[in-house]
Amino acid sequence: MGKKNKTARIVSDPKILLGKPIVKGTRLSVDFILSLLGAGWTEKQVLDNYPVLTREDLVAVFNYAATILEEEKILPRPKKAHSR
């Protein structure tokens, strides 16, 4: 399965949440779902509390986040000059 298929459930529409990436057919943003998991929610809790979501939607959220992070360039921070 190509990357495109893995993230096909994630869409962006400027008319919904100002264009934030969301799960298709919902108003649930990728960052919101990731924040729930980051706060300690289990996959089951997310799916139970948001029955519109499927396990495949969560996999698409993870794949979308992974794709974004793969493309992100990390630049070293300049060292601060020591002031005396």
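The values are calculated or read from the model by the stated rules, or taken from the named source; none is laboratory data. Because the structure is predicted, anything quoted here is derived from the model rather than measured. Every residue, glycine among them, receives a Cβ derived from its backbone with ideal geometry; neighbour counts consider all protein chains shown.
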- [ ] Find the residue count for region 34-84, including only residues that are assigned to a helix (DSSP H, G or I), at pLDDT 95 or above, out of contact with any strand residue (DSSP E or B) (no Cβ under 9 Å at 6 or more places or on another chain) and β-branched (V, I, T).
- [x] 2
TODO: Give the residue that is surrounded by the fewest Cβ atoms within 10 Å (Cβ to Cβ), with candidates limited to residues of region 23-35 that are closer than 11 Å to A60 by Cβ and more than 8 Å from the chain's Cα centre (by Cα).
DONE: K24
Task: Residue list for region 36-78, filter: surrounded by 14 or more Cβ atoms within 10 Å (Cβ to Cβ) and either under 13 Å from R9 (Cα atoms) or aromatic (F, W, Y) (or both) - done: W41, Y50, L53, D57, L58, V59, A60, V61, F62, N63, Y64, A65
